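Peer 1: Take this structure first; my questions come after.
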Amino acid sequence: MKIIIVGAGAVGSYLAERFSSEGQDLVVIESDPERAAQLEGELDALVITGNGASLATLEQAGLGEADLLVAVSSSDAVNVLACNAATKLGIPITIARVEDPELKAEVEALGVDLVIDPGEAAARELLVLVSTGRVAEFVEFADGGLVMLGAYVDSESAVVGITLAELRETVDQWDWLVVAVIRHGETMIARGSTELKAGDHVLVMAEAGHTQTPYELLGLVDRPAETVIILGGTRLAQMTAAMLVERGVATTLIEADPARCRHIAEALPDVVVVCADPTDPKILRSEGAGSADAVLALTGWDSDNLLGSQVAHALGAGEVITRFNNTELVGLLGGAGIDATVSPRRSAANEILRFVRRGLIYSAVSIPGSDAEAIELEVGPNSPAIGKTLRDLKLPRSLIIGGVQRDGVAFVPRGDTEIQQGDHLIAVALPDGIAAAEKLSG
């Protein structure tokens, strides 16, 4: 597939890394010469320095032969113009990043296939996290029949120091499965010999309604938040606050800038707005961070978010969720007093990946702090997996099948589970295992 990405900012560079690692025919257009030069040394892709809204630049990138255009620059106007040019040339798939709500309707009228707003996508993700207790991820697959839970292993957890094979022996009914472990930024597809350690970011696939055992083993609390404190008054913070109060959640927002505080107070009258330093321990203590069900650190600065999160954790907040712009920090700092992380660029990328991988592949979700993806795919009539057991497939070590949906019934498979046409498989794969996962669809 030939893919053109316009804009190599937070979202564009993340997608470029993903597509480049898969060996896609990739072209990136970036207006900043220094950023373009940096990308040339990092990606297996053609990088063009220029204006993504310019027809000449788009022609230089080979727009006429492209299968997909992803316009995710920081300029709504550039993204709209790039998609307009692509639509006129008959490019099969166009995707645009647009934050201006007035422009969204106009872009959709142009025939753009997907319009995304990174902030809105991240706010929806935050809403799910505060509604499901102390989990780092909560993603539904197989029409809700299976869920993927992500959590950090507590030092006092019963699973510390034992292998997954030993853990399975303690389970009476196998309706959940550890599919991956992220440790110090490195992702390992889970095997029986994998030993769990304190601080590990563990991904568990479980049958819906049967999450109690993994919750207990990982020391999690399955209770929706009723009181939330938000640190920062960014656009993401405001969107999240609006969604929370709409759900009836008591929400307090702490922001240092007086002008922004006045604006938020007027726009969101049901939110308690406190004009103060969101990293100040005295302020967080006085506003009840220690007794809050969740504290969301959503300022525009990673350092402030990390500091505010550590203070909230030390005060005893029930759950701490932190926004990181630099996703490298997720793998390194996740679990250090932080229960979950959010990144607008990752949320936007997940929406794009789900859309791009549609067809026999129903969804694709990237994993925070990892280069792994969780993919739901359908076994087509030409799949080489039909009639074979998971054990017989001899899947690469970079791939694991964590769930199966068959005739509307979802379950966690075993090695002797035989694959049938029409099955939905939920696979967790590293970049070099994605192609093998896609082949299972036929």
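All of the numbers you see were taken from the coordinates with simple rules; none came from a lab. Since this is a predicted model, take the numbers as computed values, not measurements. No Cβ is skipped: glycine too gets one built from the backbone with ideal geometry, and neighbour counts run over all protein chains shown.
Peer 1: What is the dipole size for the range 2-116, taken about its Cα centre, with +1 at each Lys and Arg Cβ and -1 at each Asp and Glu Cβ, in debye to the nearest 20?
Peer 2: My answer is approximately 160 debye.
Peer 1: Cross-link list Lys104/Lys439; Lys197/Lys394; Lys197/Lys439: which exceed 29 angstrom alpha carbon to alpha carbon?
Peer 2: Table pairs above 29 Å Cα-Cα are Lys104/Lys439; Lys197/Lys439.
Peer 1: Quick one: Asp339, Asp32, Asp117, Asp407, fewest Cβ neighbours within 10 Å first, how do they rank?
Peer 2: Fewest-to-most Cβ neighbours within 10 Å comes out as Asp407, Asp32, Asp117, Asp339.
Peer 1: Now a separate question. Below 8 Å between Cα atoms, with a sequence gap of 6+, how large is the relative contact order for the range 2-116 in percent?
Peer 2: The normalised contact order for the range 2-116 reaches 24 percent.
Peer 1: Taking 41 Å as R0, compute the FRET efficiency from the Cβ-Cβ separation of Thr87 and His184 and round it to 0.05.
Peer 2: According to the calculation, E is roughly 0.40.
Peer 1: Hey, fewest Cβ within 10 Å first, where do Ile3, Ile254 land in order?
Peer 2: Ile3, Ile254
Peer 1: In the chain, what % of DSSP beta bridges are antiparallel (nearest 5)?
Peer 2: Here the share of antiparallel DSSP bridges comes out near 55 percent.
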